[in-house]
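**Student:** Before I ask anything, let me first share the structure, which is written out below as structure tokens.
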Amino acid sequence: MAKTVKLTSPLTDQDVLQLNIGDTVLVSGVIYTARDAAHKRLVDLLAKGEPLPMDLAGQIMYYVGPSPARPGRVIGAAGPTTSYRMDSYAPTLIKMGLKAMIGKGKRAVEVIDAMKAYKAVYLGATGGAGALISQRIKAAEVIAFPELGPEAVHRLEVEDFPAIVINDCQGRDLYEQGVREYRRTAAR
Amino acid sequence: MRQIEAAQVTQAVKAAAIAANYEPGADLLAALARGAETEESPSGKEIFRQLLENARIAKEERIPMCQDCGLAVVFAEVGQDVRLVGGDFDQAINEGIRQGYGEGFLRKSLCHPLTRANTGDNTPAVIHTEIVPGDRLKLTVVPKGGGSENMSRLYMLKPADGLAGIKEKVVTAVQEAGPNPCPPIIVGVGIGGNFERAALLAKKSLLRELGQANPDPEVAVIERQLLEEVNCLGIGPSGLGGRITAMAVHVLMQPCHIASLPVAVNIQCHASRHQEVIL
């Protein structure tokens, strides 16, 4: 049975091992944002042996490029971007201790294998619900690569940020299960 | 000749860009409400409810529906009895985009293709200009998200592939896209023309009111059949499994070369945004 689990970052192995595909997760605490350009920068820094702007151990990475905040607001719309574009970088970050990724859409087998090997999970947020999701973000600050604009790395403080477990530590995939349940043959 | 000032064009484009991103159309809201009623999968129903709530918050709290405020596609229908004065037409449109995305707190999502340096103001827009009879100027601003655009496909089929081949490609494109383009999607299909025209037809079909059938009954049948087949895939809202993978399939068709059967599939996420203004 799918369950609802409240998680606070940073995450432990135990936090992620209890999760099964289809579980709802409500995340609180600090999460970091990064999408295409920021991932390239992070992996380039690692390749050069330079320090990252954050310690990845136990952390959660949210694939998002928010829209600008209006004056007096924390952030603009902030829904997930499609995750497969980060697939070539994700295993490297998972090996560094990243425990969860939040995005939308399918992941490559290499990423799923890395999640199994290093105990991490992939969480899906509702794509296109940028206004709704923004209400769970309580603070936002750019901590690296400000020149990337919407692609800069932000440190977000979130409260009960809703997501669903798409890939768990056992290598299972909620998308595949969902399609199996509802697929039918077209009459031609 | 009726004169229209470039500054009027800029104002109109700016207002349309902002409205498109904050105010979902009545057709989209109706389709989402229908989905919340009819989707069988509990998680799919919940996604529809979230999307309706998202639309309400966007309008009331002035937060864009989606953080991907899109590459701005602008369709311009210029009456042949219109004379544009006081500036360059394309520049006037781009100025409207620049002002709209700046003052409207919309995300700037355009960059150099190789260095990936952001252009900073969401320009240049992709502008499609047509000369039409009359003395009016119609501008339609279509912010198009990158996630769904990435899942779009163009196929140069053989004439022997026929309608069965077309259907197979449309279904394959939607299946391969899976959860990536933010389903429930709208599938725009262009059949015929040539390489670039098929793609343009597919994009143009997305301007039609959501779910309204093509006026040509022959094409309307193809739309219905494609929607049924696509919705057999089981992808469902957010890809979590369900009956409604697509809310509509829109097809535009025109003659093509005797050697060709071009088919384009332009996938539109559920944040279907387009705002029309007539000067």
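Read-outs throughout are calculated quantities, based only on the coordinates presented, and are distinct from any laboratory measurement. Not measured: the values here are computed from a predicted model. Counting neighbours? That spans all protein chains shown, and the Cβs are built from the backbone with ideal geometry, glycine included.
**Student:** Taking the conditions exactly as written (among the charged types (D, E, K, R) and either buried (at least 23 other Cβ atoms within 10 Å of the Cβ) or within 19 Å of the chain's Cα centre (by Cα) (or both)), does residue B:168 satisfy them or not? Let's see the steps before the verdict.
**Tutor:** On the way: among the charged types (D, E, K, R): yes; either buried (at least 23 other Cβ atoms within 10 Å of the Cβ) or within 19 Å of the chain's Cα centre (by Cα) (or both): no.
No, not satisfied.
**Student:** Here's a follow-up. Out of (1) under 22 Å from residue B:139 (Cβ atoms); (2) more than 20 Å from the chain's Cα centre (by Cα), the odd one out for residue B:47 is which?
**Tutor:** (1)
**Student:** Here's something else I'd like to know. Check off (1) assigned to a strand (DSSP E or B); (2) farther than 17 Å from residue B:27 by Cα; (3) of a type in the set (A, V, I, L, M, F, W, C) for residue B:227 and give me the number that stays unchecked.
**Tutor:** Only one criterion is unmet by residue B:227, namely (1).
**Student:** Does residue A:124 fit the bill of being farther than 28 Å from residue B:121 by Cα, over 15 Å from the mean Cα position of the chain (by Cα) and of a type in the set (Gly, Ala, Ser)? So that I can check it myself, show each step before the final result.
**Tutor:** On the way: farther than 28 Å from residue B:121 by Cα: yes; over 15 Å from the mean Cα position of the chain (by Cα): no; of a type in the set (Gly, Ala, Ser): yes.
So residue A:124 fails the test.
**Student:** If I filter the range A:22-49 down to residues being assigned to a loop (DSSP other than H, G, I, E, B) and more than 11 Å from chain B (Cβ to nearest Cβ), which single residue comes out as nearest to residue A:162 (Cα to Cα)?
**Tutor:** Step one: of the range A:22-49, the residues assigned to a loop (DSSP other than H, G, I, E, B) are A:22-23, A:34-35, A:48-49.
Remaining after also requiring more than 11 Å from chain B (Cβ to nearest Cβ): A:23, A:34, A:48-49.
Working: A:23: 11, A:34: 18, A:48: 36, A:49: 35 Å.
The selected residue is A:23.
**Student:** Next question. Do the conditions hold for residue A:53, that is, is it in contact (Cβ under 8 Å) with a residue 24 or more places away in the chain and touching a helix residue (DSSP H, G or I) at 6+ places or on another chain (Cβ under 9 Å)?
**Tutor:** For residue A:53, the condition - in contact (Cβ under 8 Å) with a residue 24 or more places away in the chain and touching a helix residue (DSSP H, G or I) at 6+ places or on another chain (Cβ under 9 Å) - is met.
**Student:** Further question: Quick one: count up the residues across the range A:158-188 that are more than 8 Å from chain B (Cβ to nearest Cβ), within 14 Å of the chain's Cα centre (by Cα) and under 25 Å from residue A:138 (Cβ atoms).
**Tutor:** Selection size over the range A:158-188: 6.
**Student:** Also: Between B:278, B:267, B:258, B:222, which is buried (at least 24 other Cβ atoms within 10 Å of the Cβ) and among the β-branched types (Val, Ile, Thr)? Before you say what the answer is, go through the steps one by one.
**Tutor:** Details: B:278 fails: buried (at least 24 other Cβ atoms within 10 Å of the Cβ); B:258 fails: buried (at least 24 other Cβ atoms within 10 Å of the Cβ); B:222 fails: buried (at least 24 other Cβ atoms within 10 Å of the Cβ).
Being buried (at least 24 other Cβ atoms within 10 Å of the Cβ) and among the β-branched types (Val, Ile, Thr) holds for just one of B:278, B:267, B:258, B:222, which is B:267.
**Student:** Could you check how many residues of the range B:31-40 are within 13 Å of chain A (Cβ to nearest Cβ) and surrounded by fewer than 20 Cβ atoms within 10 Å (Cβ to Cβ)?
**Tutor:** The qualifying residues number 1.
**Student:** In addition: Aliphatic (A, V, I, L, M) and within 14 Å of another protein chain (Cβ to nearest Cβ): is that true of residue B:200 in this structure?
**Tutor:** Working: aliphatic (A, V, I, L, M): yes; within 14 Å of another protein chain (Cβ to nearest Cβ): no.
It is false that residue B:200 is aliphatic (A, V, I, L, M) and within 14 Å of another protein chain (Cβ to nearest Cβ).
**Student:** Would you mind listing the helices (runs of 4 or more DSSP H) fully within the range B:106-208 where at least 1 residues are farther than 29 Å from residue B:29 by Cβ?
**Tutor:** On the way: elements: B:146-149, B:162-177, B:195-205.
Filter on the range B:106-208 gives B:162-177, B:195-205.
**Student:** Next question. Can you spot a residue in the range B:164-185 that is more than 25 Å from residue B:245 (Cα to Cα), in contact (Cβ under 8 Å) with a residue 60 or more places away in the chain and aliphatic (A, V, I, L, M)? Walk me through it before giving the result.
**Tutor:** To start, the set of residues in the range B:164-185 that are more than 25 Å from residue B:245 (Cα to Cα) comprises none.
No; the residues of the range B:164-185 include none that is more than 25 Å from residue B:245 (Cα to Cα), in contact (Cβ under 8 Å) with a residue 60 or more places away in the chain and aliphatic (A, V, I, L, M).
**Student:** Looking only at residues in the range A:80-91 that are out of contact with any strand residue (DSSP E or B) (no Cβ under 8 Å at 6 or more places or on another chain) and surrounded by 16 or more Cβ atoms within 10 Å (Cβ to Cβ), which one is farthest from the other protein chains (Cβ to nearest Cβ)?
**Tutor:** Initially, the range A:80-91 is screened for residues out of contact with any strand residue (DSSP E or B) (no Cβ under 8 Å at 6 or more places or on another chain), giving A:84-85, A:87-89, A:91.
Now restrict to residues that are surrounded by 16 or more Cβ atoms within 10 Å (Cβ to Cβ): A:84-85, A:87, A:89, A:91.
Numbers: A:84: 7, A:85: 8, A:87: 12, A:89: 14, A:91: 20 Å.
Only one residue tops the list, namely A:91.
**Student:** Restricting attention to the range B:61-113, report how many residues are acidic (Asp, Glu) and within 14 Å of another protein chain (Cβ to nearest Cβ).
**Tutor:** Initial filter on the range B:61-113 (acidic (Asp, Glu)): B:61, B:68, B:77, B:81, B:88, B:90, B:95, B:103.
Checking which are within 14 Å of another protein chain (Cβ to nearest Cβ) leaves us with B:61, B:68, B:103.
Here the count works out to 3.
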